[in-house]
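Visitor: Shown below is the structure under consideration.
The values are calculated or read from the model by the stated rules, or taken from the named source; none is laboratory data. This is a predicted model, so every value here is computed, not measured. So basically every Cβ, Gly included, is an ideal-geometry build from the backbone, and we count neighbours across all protein chains shown. Heads up: the accessible areas ignore ligands, DNA and RNA and are worked out on the full protein's heavy atoms, side chains in. Shrake-Rupley method; radii C 1.70, N 1.55, O 1.52, S 1.80 Å.
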Amino acid sequence: MSQHHNSTLLEAISQHIAAIFEEAQNTVVNHHKNLTKLNKIYSEVAQIEDGRDGILGFTEIISVMVLRLVNSKKGPAADRTAKFVAEFINHIHDKGKYFASHASCEIEEEEEEPSYNSAEIFTEQLVHGLLAKGSNAKDKNIRYRSVDLASKILLSLAQINRPLYYDLRKIFSERIDDRADWAIREQASRALCIFYRVDDPDELPEENLPQLSEVLVGKLAFDPKEEVRLAVLRNLVVNEETLPAILNRTRDISVLVRKAAYNVLEKNVIIGDEQDKDEDLELGITHPRKLTLVQRDMIIRNGLGDRDKYVREAAGKLFYKWVQTVSLGQGSGNNPQDDSDLSRTVQLLGLLNLRTNDKLPQAVQHLFEHTRIKVIFNASEWKSLTPVTIFLARIYAKYCLEHELPDILDEMLPEATALGFLLHEHFGSLVASISLFQEEDSHFDLDDEARGLHQDAIENNEFITSEILKLALYLDYGDEAGRRNMEHEIYEILGHDKLINSSSLIPPCIELLAELASNDYDLIRAVDSKIVKSLLPDADSDLTKSLSNSLNIAENPTSRQKGKARECSPEANSERKDNAIMHCLCIVEAMLQLVNVQLKEDSPLIRNIGNCLIYPAMKRRKNDEIKEKCYRCLALLALVSESVARVTALEFFMHRIPPGSIPEELNLLAAQATFDMIMWYGRDFMITAVNLEDLISCFINALDKHKRNDDMRAVLCEGLVKLMNNDILVDEQITILLVENYFSPKHAHNQNLKQCLSFFFQWYCSQNPDNQEKISKTFILVFNKLVYTMRKTNLESSVPKLRQFAGMMLAWTHPKYLQKNNEENQVDDTCVHFRMAFDVVKELIRKDSKLQKEHKRILCQDVLQKLYLPNNVDEVEVRYLDMLLDKVFSVRPLPDGHSKRFFSNFHKAFQKKYEIELASLSTEDFRTLEKYWAENAFLDSIISEPLSCKPTSAAHSDFSDSDTEPNRGGRNDTVSTSPSQRGKKRRASSVSSVENHEVAKNKKRRLEVDTSDSGEQ
């Protein structure tokens, strides 16, 4: 009776449960009410005669509801139902009630049976009996719902027993690599991040479970969907093991992931509640004092240098958080608000690399824009400058100038004369530190620590001097005395012999000298006459002497020093001469980068600097550094003098692009200089300066070399697409090489090349139909080359790669992707795809085609089936293409049934679309058109295979055995690999071609006879 009563009760409550679930899926507003109803039913079931059986029966009823849930597709109703189930499980676990097996009977202590947790029984049965099986189902919707519900159950539970813990962990571990649906991987990744926080490393070997750190870090780095990477990034605990992977996401391809990475770094700067003043705050793992110098610089450089403004804002917030918390734990109390923003900024800048981090000024400027920091130094602070304070002053001066704050700028900066004396003082300290280091190093055997201290002192003085020079750009030089004093200091710095090997001070000196000069010509004359001529080893002695006296560079050398100079070895003299030439080249390079004038052919700059410095320095073959600097100076000189570019530079650099005896760095500079000159002066200059055929041949040979490094190949492609985009140099062979380099698997790792060409092809093809036509002509040629390359490299994924190539080519050349069509929301009726059909069909007809059946299937399925057929086409072209399509059926039948079906579908669609054009021009009428005699000759040249011939298998075809690239003019016969048979085979092939020619002539003769006979009849 009791069993019958229990079954009747379960049948009755199943209807109530179904009604509760039906209400719960409509809205989340009634979830609390329905939770109360369902919990009441659950309590009644748990208190029947056999409580455990009741719970199992209740679990079966809920499992039926959940089974309907996991079979449903994604939608808000299913999401609400899953949330309701997770809330119910959390509700019954919070109750924490234990029921005895017979709650109504009195149990003596010695006969007490072990208690059980009904909530755990219900959860374990639901997870182990239903969700574990559903997570391995074939249907991706069932897998998603199972993993989603398991994830919600995990998030709803505060505590979990051991069997359920490992059951859930197993479900998520199996589904984190699901290939069908990224949403499944997202849910599994989010759940496994929770397990990673609470995993006990000592228990994992006992359960034969792997560490989750490697799995989650791998998903964070390599999962193709940004949603999965975001799920891991936002839920993964930040520790020493995961921090490097999180830092790498600051260079993620997704803007959302990059921004989320900086948000995660900001949240982990400190540990504790900043709003609670009584709570002791601790340094988090992303605090600047916890990070290394490399990590701090990488965070600032990647964030403030990002192209997206939201990522830059997130990086700026992180930098400001660093400023607020940098003094934490440094004796200023637990509240970071005790110190001023300026002092904390100085502390933070002391932890960063001021010399090499080029994005640090942008970070400090962002700080000035969002805070009220005011940098005002008194006289004592100007006399005790440090690298941090002068850097901060220079950035604040730039900020005031850009935001038009002249009053604050005048209050902050000293006068030009005072800053000139300050520059002289710190430059003297730099010279003194260099002299001290050289003297001690020559007399004492300094250890590494002593050398490091000397080097730090030199670098600090040099940095302060450089920052003062940059700060001097913002001064007002209305005072002539201050201007002359500053100009004198610049000449002294550039001509000092202690800095002959230092090039870090040259750019700011030349930039300040350009600010002091009235125009670019004055700057050129100053550099040429007052600096370069005095420093050149072969300069006139009187000029050198007068310049030294006017600048007071150094005291006159004593007779003892002169005697020591005469006793110097030839190697030392040669080294000193090389250093002087290198110093002059650095000065000239910095000057040429600033001037923006066009010099005449008889300019003194060309005569003095070109003939006396650059050209002789190039002949010093043993010094590659001087050669590289000469290349840069000559390229810059050619941009300001067309005569130098036309007469010397363009041809000089053009012949040094192909690999040869010079280093690859010089090849790279030669290519960049060549492209810069052609882009600067235009197509007319290119045609008149060099032989155009030689230039095209040079580019083709350089790009077609298989052993070129990635940087050189990327520079060549970038330069060629610039010329092609501006219609300066457009060549079919170059276009073919560009398309081939983009799709070739050999260059798949070259990200610079891929990014450049990906943007170019999309932009270039969207401009006009002529550009689409140029790209479409390369399709079949590049398709054959890719087939050959993939066969030679034994690439397993060749078919998907070729399908991707075909799809992208069709997308680029489709008329709906033209820019004007997108603006006007219409499709231009172009014939680009129609002409591509000719190339594809001719390739299918070719007797010597090296394509195998899977390649021909791609042409039929992924190309012909997806071609855009325009409405307005010449009827002659329609008839000619139809005759070519007929030849495929009659002469070159396709090798497999799939290709035949796809080709037949295209032929039927083609004939249906152009039914009127085909009816207006018959085949006989097309044969009579003298204008198309070449097309008729091609059709007549297509001869079918003899009936006795059998198709050559792929295993014995020439394509599968030959190691050479397929030749369009070759036969499809199997060539013997024996050396004694090669010549015979070539002779047999030539004889066979003559015989085929005779057969064709005889056939034509017979056709003429048959035609005449039919006419007489």
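Visitor: When you go through (1) open to solvent by 10 Å² or more (accessible area, probe 1.4 Å); (2) at pLDDT below 80 one by one for Ile55, which number turns out not to apply?
Guide: Looking at each condition in turn, Ile55 falls short on (1).
Visitor: Residue by residue through the range 364-412, note down the ones that are out of contact with any helix residue (DSSP H, G or I) (no Cβ under 6 Å at 6 or more places or on another chain), modelled with pLDDT under 90 and not in a helix (DSSP H, G or I).
Guide: Residues satisfying the conditions are Arg372, Lys374, Phe377, Asn378, Ser384, His403, Glu404, Leu405.
Visitor: In addition: Where the second residue is assigned to a helix (DSSP H, G or I) and not aromatic (Phe, Trp, Tyr) and the first is over 17 Å from Lys152 (Cα atoms) and modelled with pLDDT of 80 or more and lies in the range 126-142, which pairs have Cβ atoms under 6 Å and are six or more apart or on separate chains?
Guide: Sorted first by the residue in the range 126-142, then by its partner, the pairs are Ala137/Arg143.
Visitor: OK, next. Does the range 261-272 hold any residues that are open to solvent by less than 10 Å² (accessible area, probe 1.4 Å) and free of Cβ contacts under 8 Å to residues at least 40 places away in the same chain, and which are they?
Guide: Ala261
Visitor: Any idea which of Ala671, Ala689, Ala645 is touching a helix residue (DSSP H, G or I) at 6+ places or on another chain (Cβ under 9 Å), farther than 18 Å from Met618 by Cα, of a type in the set (A, V, I, L, M) and crowded, with 20+ Cβ neighbours inside 10 Å?
Guide: Ala689
Visitor: What do you reckon, is Leu453 more than 15 Å from Phe421 (Cα to Cα), in a loop (DSSP other than H, G, I, E, B) and among the hydrophobic types (A, V, I, L, M, F, W, C)?
Guide: Taking the combined requirement at face value, the residue does not satisfy it.
Visitor: So which residues in the range 569-602 are outside any helix (DSSP H, G or I) and farther than 21 Å from Ile493 by Cβ?
Guide: Ser569, Asn596, Val597, Gln598, Leu599, Lys600, Glu601, Asp602
Visitor: Follow-up. Do we find a residue being buried (at least 17 other Cβ atoms within 10 Å of the Cβ) and out of contact with any Gly (no Cβ under 6 Å at 6 or more places or on another chain) anywhere in the range 202-210?
Guide: no
Visitor: What are the residues in the range 601-638 that are closer than 23 Å to Asp522 by Cα and without any contact (Cβ under 8 Å) to a residue 24 or more places away in the chain, if any?
Guide: Matches in the range 601-638: Asp602, Arg607, Asn611.
Visitor: Okay, moving on. Among the candidates Leu547, Leu594, Leu551, single out the residue that is aliphatic (A, V, I, L, M), within 19 Å of Asp522 (Cα to Cα) and at pLDDT 65 or above.
Guide: Leu594
Visitor: Of the conditions (1) buried (at least 17 other Cβ atoms within 10 Å of the Cβ); (2) within 39 Å of the chain's Cα centre (by Cα), Ile121 clears all except one; give me its number.
Guide: It fails just one condition, (2).
Visitor: In this structure, is Arg901 in a helix (DSSP H, G or I) and basic (Lys, Arg)?
Guide: Here the answer is yes, as Arg901 does meet what is asked.
Visitor: Return the residues of the range 648-668 that are touching a helix residue (DSSP H, G or I) at 6+ places or on another chain (Cβ under 7 Å) and open to solvent by 50 Å² or more (accessible area, probe 1.4 Å); say none if nothing qualifies.
Guide: Correct list: Arg656, Pro659, Glu664, Glu665.
Visitor: Okay, next question. Here are the criteria: (1) buried (at least 19 other Cβ atoms within 10 Å of the Cβ); (2) free of Cβ contacts under 8 Å to residues at least 40 places away in the same chain. Tell me which single one Phe427 does not satisfy.
Guide: Phe427 satisfies every listed condition except (2).
Visitor: Which pairs do you get when a residue that is under 20 Å from Thr356 (Cβ atoms), found in the range 296-317, comes within reach of a residue that is of a type in the set (Ser, Thr, Tyr) and not in a loop (DSSP other than H, G, I, E, B), reach meaning Cβ atoms under 6 angstrom, with the pair 6+ apart or on two chains?
Guide: Matching pairs, first to second residue: Asn302/Thr250; Gly303/Tyr262; Ala315/Tyr262.
Visitor: Now, a different point. Mind listing just one residue for me: the one in the range 697-727 that is among the basic types (Lys, Arg) and in a helix (DSSP H, G or I) and, of those, least open to solvent (accessible area, probe 1.4 Å)?
Guide: Here the answer is Arg713.
Visitor: Please state which one of Tyr474, Tyr399 is touching an Asp or Glu at 6+ places or on another chain (Cβ under 8 Å), over 27 Å from Lys629 (Cβ atoms) and aromatic (Phe, Trp, Tyr).
Guide: Within the list Tyr474, Tyr399, the selection yields Tyr399.
Visitor: Output the residue which, of all residues in the range 315-346 that are modelled with pLDDT of 55 or more and among the small types (Gly, Ala, Ser), is nearest to His370 (Cα to Cα).
Guide: Gly316
Visitor: Return the pairs, sorted by first residue and then second, in which the second residue is assigned to a loop (DSSP other than H, G, I, E, B), the first residue lies in the range 55-78 and is among the small types (Gly, Ala, Ser), the beta carbons are less than 7 Å apart, and the residues are 6+ apart or on different chains.
Guide: Ala77/Gln25; Ala78/Ser72
Visitor: Any chance you could count how many residues in the range 732-750 are assigned to a loop (DSSP other than H, G, I, E, B) and among the aromatic types (Phe, Trp, Tyr)?
Guide: Residues meeting the conditions: 0.
Visitor: Restricting attention to the range 477-500, report how many residues are assigned to a loop (DSSP other than H, G, I, E, B) and either more than 44 Å from the chain's Cα centre (by Cα) or buried (at least 18 other Cβ atoms within 10 Å of the Cβ) (or both).
Guide: Qualifying residue count, the range 477-500: 4.
Visitor: Answer yes or no: is there a residue in the range 740-748 that is within 29 Å of Ala689 (Cα to Cα), in contact with a helix residue (DSSP H, G or I) (Cβ under 8 Å, 6 or more places away or on another chain) and open to solvent by less than 20 Å² (accessible area, probe 1.4 Å).
Guide: Yes, some residue in the range 740-748 is within 29 Å of Ala689 (Cα to Cα), in contact with a helix residue (DSSP H, G or I) (Cβ under 8 Å, 6 or more places away or on another chain) and open to solvent by less than 20 Å² (accessible area, probe 1.4 Å).
Visitor: Of all residues in the range 86-125 being closer than 22 Å to Lys37 by Cβ and among the small types (Gly, Ala, Ser), which is modelled with the highest pLDDT?
Guide: Ala86
Visitor: Could I ask something else about it? For Arg258, are the conditions met, namely being part of a helix (DSSP H, G or I) and in contact with an Asp or Glu (Cβ under 8 Å, 6 or more places away or on another chain)?
Guide: The answer is yes for Arg258.
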